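Right, one structure below, let's go through it.
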DNA sequence: GACTTTTAAATGTCTGACAAATGAAAATTG
DNA sequence: CAATTTTCATTTGTCAGACATTTAAAAGTC
């Protein structure tokens with residue numbers, strides 16, 4: 001592990017990269033203890049604050065964890081699915097909100113991915129997943145539900161569908177696609193009729209999954225995609241028309 | 001933006017979380033300049049090194065960038081697709097390598113997701129994507145190619161397939177699934193016969209995509225999945241048998 | 001032997017300082 | 001006056017040294 005002191009890049013960034021390579025490359029294994037900050041500072045010929053900045057960078061990516069005390073130090077962290085989920089969601093959400101990704105593009109990606117899960121979910125879904133889907137459908141039918149609560153329930157419904165596939169890697173990959181859509185969906189006002197249509201489609205999906213009919217599930221998902229995109233389009237069109245009148 | 005000095009969590013972690021919330025929540029917009037380190041230290045009642053550790057955490061997630069000089073400082077960063085890709089790949093790779101995810105589980109997820117892209121790719125692929133796929137197939141047919149180069153070419157082929165869908169969000173989501181498999185694939189030794197079978201399947205996929213036949217593309221992908229899983233199974237079985245003899 | 005105290009090692013934080021980069025203002029020059 | 005150069009203030013990057021806090025192991029005590 002070497003760094004180049006004459007490089008224009010920050011020393012702490014270089015050190016973080018060097019250690020990261022060692023972890024990704026397998027030279028440092030899970031739960032192994034890194035040298036102490038003082039030893040690292042010595043090794044890289046930098047000061048302790050610089051080493052600390054490097055370690056904080058790695059901690060931010062959940063690559064290491066630190067522990068105080070006599071036997072403390074920095075340890076290579078086992079990246080849990082949970083940590084990976086939340087990183088994935090944060091990244092996806094920011095990516096969509098900061099890059100003027102159109103609603104259609106995000107929606108298309110999300111439903112394409114969900115249709116990839118549907119056959120597996122239809123095949124393997126547990127009673128638990130079905131129960132969650134039914135419960136969320138019921139919640140969505142309640143009158144007086146705020147738009148945000150409706151969207152949150154929508155996310156939970158789709159998560160149950162994805163988790164039903166019983167493949168944690170798939171669940172992880174889909175987490176970003178499903179959750180990152182929520183802020184976009186929150187921009188939509190759902191009328192009672194819109195909600196009824198969505199609930200009906202959710203019911204079709206749940207029925208298809210329960211009947212282990214993957215074709216029907218995919219078809220229902222496609223219809224839901226069309227419904228969602230149409231809904232968004234009319235909302236955005238109305239908004240654009242209004243702003244044209246307000247500020248000609 | 002407030003922090004709790006009596007909390008057991010690191011101050012730098014708390015400060016990072018507070019700023020992150022402001023970015024994700026939209027209080028800080030892209031390219032906006034954060035207060036200087038000295039001002040932040042003042043605001044949070046901590047020292048500058050502590051603030052710096054917090055900022056490095058955010059920089060590690062590409063949430064901010066820093067610039068030196070008179071008008072320098074920390075700026076909210078527009079998360080580029082490129083940055084998001086590489087974060088996604090790092091996270092996915094570590095998740096697979098650290099969590100004893102079976103080859104089958106990872107493989108199933110990957111091909112399920114690719115089949116989600118295939119219809120869109122068949123519909124929209126540009127001549128460029130087709131050319132890349134053909135070129136990689138040609139490279140894979142070269143004798144004397146190392147196993148690692150073969151795997152790298154495999155990844156490039158599949159990336160072209162995914163990018164053919166013309167949906168950057170989909171490409172981003174798939175990047176992790178495709179690239180994270182490479183280390184697992186690298187554990188396999190490909191015989192000439194294995195390679196021929198894979199090249200034949202790749203050709204079938206490319207032909208189907210060129211003919212805009214999404215059903216054929218999905219079918220070929222399913223066959224490739226079966227081929228890959230079978231291959232991995234026999235390799236791992238042979239390895240297990242050998243180690244049983246070596247160390248009874 | 002069980003309990004308490006001490007101690008050493010490690011991270012967490014602070015203070016103060018200097019170096020280096022950088023853009024803007026001021027001074028200089030044609 | 002315009003163009004160029006110089007100066008300068010601001011800000012991040014780095015360093016050195018110190019103290020606080022936490023933690024587990026070692027030493028001491030009953």
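Could you compute the FRET efficiency for residue A:241 and residue A:142, with r as their C-beta to C-beta distance and R0 at 45 Å, rounded to 0.05? Write out the running numbers ahead of the final one.
Numbers: r = 31 Å, r/R0 = 0.70.
That gives a FRET efficiency of 0.90.
By how many degrees, between 0 and 90 and to the nearest 10, does the Cα long axis of helix B:147-163 differ from the longest principal axis of chain B?
Orientation of helix B:147-163: about 70 degrees from the principal axis.
Once the cut-off is 15 Å, how many percent of the Cα-Cα pairs in the range B:142-204 end up in the long-distance tail?
Result for the distance tail: 54 percent.
If you build the Cα gyration tensor of the range B:1-126 and take the root of 5 times each eigenvalue, what three semi-axes come out, in whole angstrom, biggest first?
Numbers: eigenvalues 283, 79, 28 Å².
Output for the range B:1-126: semi-axes of 38, 20, 12 Å.
Sequence gap at least 6, Cα distance under 8 Å: using those rules, report the relative contact order of the range A:1-77 to the nearest whole percent. Each step should come with its number before you reach the end.
On the way: 87 pairs, mean separation 26.0, N = 77.
Averaging sequence separation for qualifying contacts and normalising by length gives 34 percent for the range A:1-77.
Using the Kirkwood radius over C-alpha pairs as Rh, can you work out the diffusion coefficient of the range B:189-245 via Stokes-Einstein at 20 °C, viscosity 1.002 mPa s, in µm² per second?
On the way: Rh = 12.5 Å.
Here the translational diffusion coefficient equals 172 µm²/s.
For the range B:72-117 and the range A:12-85, compute the distance between their C-alpha centroids and round to whole Å.
Here the answer is 21 Å between Cα centres.
Given the -39500 (n - 2.57) contribution per DSSP H run of 4+ residues, what per-residue ellipticity at 222 nm results for chain A, rounded to the nearest 500 deg cm²/dmol?
Values: 11 runs with 176 residues, N = 248.
Result for chain A, helices only: -23500 deg cm²/dmol.
Roughly what angle does helix A:103-124 make with the longest principal axis of chain A, taking Cα atoms, 0 to 90 degrees, to the nearest 10?
Value to nearest ten degrees: 90.
Mind checking the angle between helix A:127-141 and chain A's longest principal axis? C-alpha axes, 0 to 90 degrees, to the nearest 10.
Helix A:127-141 and the main axis of chain A meet at about 60 degrees.
Would you report the distance distribution of C-alpha pairs in chain A as whole percents per 10 angstrom bin, up to the bin with the largest distance?
P(r) over chain A, rounded to whole percents: 7, 24, 24, 17, 16, 11, 2.
Which distance in nm do the two modelled labels at residue A:81 and residue B:29 give, with both placed 7 Å along the Cα-to-Cβ direction?
It is 4.0 nm.
If you build the Cα gyration tensor of the range B:81-183 and take the root of 5 times each eigenvalue, what three semi-axes come out, in whole angstrom, biggest first? Mind dumping the intermediate values first?
Numbers: eigenvalues 91, 70, 29 Å².
Result for the range B:81-183: semi-axes of 21, 19, 12 Å.
What is the Cα coordinate range of the protein assembly as shown on the first, second and third principal axes, sorted by size from largest, in whole angstrom?
73, 60, 45
Can you give me the relative contact order of the range A:147-231 as a percent, contacts being Cα pairs under 8 Å and 6 or more apart? Intermediate values should be presented prior to the final figure.
On the way: 39 pairs, mean separation 21.3, N = 85.
Reported as a whole number, the value is 25 percent.
Averaged across A:161-171, how many Cβ atoms of other chains sit within 10 Å of each residue's Cβ atom? Mind showing how you got there, number by number?
On the way: counts 0, 0, 0, 0, 3, 2, 7, 6, 18, 8, 1.
Mean partner shielding for this stretch: 4.
Put the label 7 Å from Cα along Cα→Cβ for residue A:227; what are its distances to the other copies, in nanometres, shortest first?
Ordered by distance, the counterparts are at 4.0 nm.
For peptide B:69-80, compute the average count of partner chain beta-carbon atoms within 10 Å of each residue's beta-carbon.
Working: counts 0, 0, 0, 0, 0, 0, 0, 1, 2, 5, 10, 3.
Taking the mean over all residues of the peptide, I get 2.
If you take each beta carbon of peptide B:100-108 and count the beta carbons of other chains within 10 angstrom, what is the mean? If you can, show how the numbers build up before the last one.
Numbers: counts 1, 5, 1, 0, 1, 5, 4, 1, 6.
Average neighbour count from other chains, rounded to a whole number: 3.
Quick one: if the Förster radius is 25 Å, what FRET efficiency do residue A:67 and residue A:39 give, using the C-beta to C-beta distance and rounding to 0.05?
Working: r = 16 Å, r/R0 = 0.63.
Once the sixth-power term is evaluated, E becomes 0.95.
So what is the relative contact order of chain B, in percent, for Cα pairs below 8 Å that sit 6 or more residues apart? Intermediate results must be reported in sequence, preceding the final value.
Details: 277 pairs, mean separation 46.8, N = 248.
So the answer I get is 19 percent.
Order A:179-185, A:81-87 from most to least packed using the mean count of other Cβ atoms within 10 Å.
Details: A:179-185: 20.0, A:81-87: 17.6.
Going from most to least packed, we get A:179-185, A:81-87.
Taking Cα atoms of the range A:11-76, Rg/Rh with Kirkwood Rh, to two decimals?
Working: Rg = 10.8 Å, Rh = 11.7 Å.
Radius of gyration relative to Kirkwood radius: 0.92.
Throw me the Rg/Rh for the range B:132-242, computed over C-alpha atoms with Kirkwood Rh, two decimals. Could you put the intermediate results ahead of the total?
Values: Rg = 14.1 Å, Rh = 14.6 Å.
So for the range B:132-242, dividing Rg by the Kirkwood Rh gives 0.97.
Quick check on the range A:82-124: take the gyration tensor over C-alpha atoms, sort the square-rooted eigenvalues as a ≥ b ≥ c, and tell me if it's rounded (a/c under 1.5), prolate or oblate. Before the final figure, lay out each step's value.
Values: a/c = 5.88, a/b = 1.39, b/c = 4.23.
Since a/c reaches 1.5 but b/c is at least a/b, the shape of the range A:82-124 is classed as oblate.
Values in this text are rule-based calculations from the coordinates and carry no lab data. None of the values given here were measured: they were computed from a predicted structure. With ideal geometry, Cβ positions are generated from the backbone for all residues, glycine too; neighbour counts draw on all protein chains shown.
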